[in-house]
Amino acid sequence: MGKKVVVVGAGIGGLSAAIRLQHAGYSVEIYEKQSMPGGKMHQIHEQGFTFDVGPTIVMMPSIYQDIFRLCGRNPDDYIPMTRLDPMYEVFFEGSPMRHYAINNTLPDLMKMVESKGPENAKGFLDYLSVIHTRYQVAYQHFITRPFRHRRDMYNPYMLVQAMKLKTFDSADHMMAKFMSDKDLQRMLSFQTLYIGVSPANGPSLYNIIPMIELLYGIWFIKGGMHTMAEQMARLFEEIGGKIHYNADVQSIVTSSGSNQGKSPSTPDTTGKPEVKGIEIDGRLVKSPYVVCNADFPYAMKHLIDNPKVRGKYSPKKIDKMDYSCSCLVFYWGVKGTYDKLSTHNFVISSQYDENLRSIFDGTEIQQPSIYLHIPTQTDASMAPDGMSAFYALLPISELGTARYEWNEQTVELYRNKVMDALTQLPGLERLKEDIVFEKVFTPHDFAHEFNAYRGATFGLQPTLLQSNHWRPQAKAKHCKGLYFTGSSTHPGAGVPIVMQSGKICAEELRRDEKGDTFE
């Protein structure tokens with residue numbers, strides 16, 4: 001077996017990197033704070049109900065499956081998937097409420113957009129063509145590759161590719177250029193919130209998200225999204241990897257000084273720090289390679305205190321960076337079944353623009369947009385017979401932006417707003433009376449349970465100046481043997497993209513092992 005690698009965190013990025021490195025011949029061990037794998041891809045089991053804590057929507061299923069194929073496994077033996085039809089339903093608040101059932105069958109999509117007039121139908125097709133072209137450029141030249149040197153970006157060829165992305169427009173402004181109908185604009189561009197950025201100022205490139213759904217579909221993994229984390233962990237252990245659960249890492253130990261003053265300093269003979277391992281429960285676990293899957297801002301502030309290792313990411317710099325929104329999630333066990341709704345449902349606020357502004361300026365949200373996930377519509381085993389599991393999510397301000405305190409009064413305020421909106425949906429008139437179980441996750445819970453810095457569920461916001469070569473990279477620039485993966489690192493948030501982050505991380509470590517110059 002090859003050299004030892006220690007991975008901090010069994011989130012999807014850490015598992016992706018760990019499986020690839022173990023498969024390549026390294027001896028990999030993961031140290032995970034929680035009692036189960038997945039990071040924010042956590043799961044709640046209470047009173048016969050099963051709820052995914054974090055992500056719920058499966059896009060780009062081939063990326064989920066590739067990690068199993070890499071190790072010679074049949075993905076269907078690990079993560080059986082069902083394609084959803086419709087993919088989701090969208091309800092626009094108003095009198096009357098406007099409703100759309102969205103699938104990825106072209107005749108049905110054309111029927112919907114043609115109902116808005118020929119110009120909107122043409123604009124819809126033009127949007128798909130234009131954004132698909134940009135997606136091909138982004139995937140080939142940006143999403144799947146690292147930027148370890150300035151020259152990886154600042155060369156004539158890459159600058160030409162960057163210009164093709166046309167990232168200077170915002171997501172919603174771009175969509176308005178193609179379609180004048182507000183419902184079409186909003187049901188597509190709002191999906192930048194999947195990665196924690198507002199469509200009002202998120203780069204237009206992120207309009208690839210609805211394009212991917214419309215062209216390739218949305219899928220459901222039996223047992224919920226956490227099944228993916230469980231089965232990645234199973235695969236990792238099957239090929240010889242080891243996971244230590246309930247193992248909260250206190251620090252990443254490097255030469256040129258110990259972290260938090262707890263570990264003895266190793267003399268620096270090269271002038272450049274080197275990783276020595278991790279500290280856990282007051283002891284040093286030695287390793288020449290450390291992959292950090294903890295949220296990058298959290299790691300820089302709390303796991304590393306050597307200024308030479310942090311480089312430009314000082315505590316002051318970390319606090320000044322832009323963070324994604326957070327989430328307030330209600331997990332409800334509900335009496336009855338609801339055949340008038342789909343697995344994924346979106347309620348778009350009649351105060352759409354004000355709602356988006358409040359999420360990102362920290363003021364109280366007056367009338368929220370809501371995502372309602374009902375996994376039991378596809379997998380009835382996730383609730384007792386005759387009952388349903390509800391997951392109601394509000395995009396909400398992260399803790400550094402919110403201008404109000406998170407307490408039970410705040411939770412109750414937003415619970416009432418959610419209830420007012422959801423009881424307008426077909427079949428949910430008695431929702432409040434039918435809830436038999438409730439659990440709540442606030443931004444504080446995301447910060448405490450998963451070390452999401454400032455409770456920002458999706459990590460660093462993918463603004464133009466926090467994307468690609470400007471985003472934290474897999475390879476630590478100032479410490480040999482240290483690597484990063486996760487939603488705050490390149491290429492960004494979203495489960496398939498974080499899995500790609502793990503792939504890049506593993507490739508960067510192997511590249512150094514083969515002797516590429518360390519700069």
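The values are calculated or read from the model by the stated rules, or taken from the named source; none is laboratory data. As the structure is a prediction and not an experimental result, all values here were calculated from the model. Don't worry about glycine lacking a Cβ; one is built from the backbone with ideal geometry, like all the others, and counts go over all protein chains shown. Just the protein is used for accessible areas: all its heavy atoms, side chains included, with ligands, DNA and RNA removed. Shrake-Rupley method; radii C 1.70, N 1.55, O 1.52, S 1.80 Å.
Observations
- Accessible-area rank, largest first, for Lys477, Lys4: Lys477, Lys4, with all protein chains present and a 1.4 angstrom probe.
- For the chain, the dipole from Cβ point charges (+1 on Lys and Arg, -1 on Asp and Glu) about the Cα centre works out to 2200 debye, to the nearest 20.
- Percentage of interatomic Cα-Cα distances in the chain larger than 35 Å: 33 percent
- Accessible area per residue (1.4 Å probe, heavy atoms of protein chains only) ranks Leu464, Leu106 as Leu106, Leu464, with the largest value leading.
- Angle in degrees between helix 118-138 and the longest Cα principal axis of the chain, rounded to the nearest 10: 10 degrees
- Protection proxy ranking of 353-360, 114-121 - average other beta-carbon atoms within 10 Å, highest first: 353-360, 114-121
- Positive end of the dipole of region 367-425 (Cβ unit charges, origin at the Cα centre): among Met387, Thr401, Val418, the Cα lying farthest that way belongs to Thr401.
- With a threshold of 29 Å on the Cα-Cα distance, the over-threshold entries among Lys272/Lys514; Lys286/Lys308; Lys340/Lys503 are Lys340/Lys503.
- Over the chain, DSSP H runs of length four or greater, each weighted -39,500 (n - 2.57), average out per residue to a 222 nm ellipticity of -9500 deg cm²/dmol.
- Annotation: the antiparallel percentage among DSSP beta bridges lying fully within the chain is about 70.
- Per-residue SASA remark: Tyr154, around 100 Å² accessible (1.4 Å probe; ligands, DNA and RNA not included).
- Principal-axis tilt of helix 495-513 within the chain, Cα atoms, nearest 10 degrees: 10 degrees
- Relative contact order (percent, whole number), the chain, Cα cutoff 8 Å, 6+ residue spacing: 22 percent
- Placing unit charges on the Cβ atoms of the charged side chains and taking the dipole of region 1-46 about its Cα centre, the candidate lying farthest along the positive direction among Pro37, Ala17, Gly2 is Gly2.
- For region 302-344, diffusion coefficient by Stokes-Einstein and Kirkwood Rh (Cα), 4 °C, 1.567 mPa s, µm²/s: 85 µm²/s
- When each of Lys182/Lys335; Lys116/Lys166; Lys164/Lys222; Lys33/Lys276 is checked by Cα-Cα distance, pairs over 31 Å: Lys182/Lys335; Lys164/Lys222
- Computed on region 6-56, with alpha-carbon pairs under 8 angstrom and 6+ residues apart, the relative contact order is 34 percent.
- Measuring nothing but how far apart in sequence close Cα pairs (under 8 Å, 6+ apart) lie, relative to its length, region 1-95 scores a relative contact order of 20 percent.
- Angle between the chain longest axis and helix 408-422 axis [Cα atoms, degrees, rounded to 10]: 40 degrees
- Under 15 Å, Cβ to Cβ, from Gly336 - net charge with Lys/Arg +1 and Asp/Glu -1: -1
- Selection among Asn120, His132, Phe147 by position relative to the dipole of region 62-161 gives Phe147 as farthest towards the positive end (Cβ unit charges, Cα centre).
- Counting only protein chain heavy atoms and rolling a 1.4 Å probe, the accessible areas of Glu213, Glu433, Glu238 rank, largest first, as Glu433, Glu238, Glu213.
- Only the Cβ atoms of Lys and Arg (+1) and of Asp and Glu (-1) were treated as charged; on that basis the dipole of region 376-519 about its Cα centre amounts to roughly 680 debye.
- If only the Cβ of Lys and Arg carry +1 and only the Cβ of Asp and Glu carry -1, the dipole of region 142-230 around its Cα centre is close to 420 debye.
- In the complete set of protein chains, residue-level accessible area for Met232 is approximately 0 Å², probe 1.4 angstrom.
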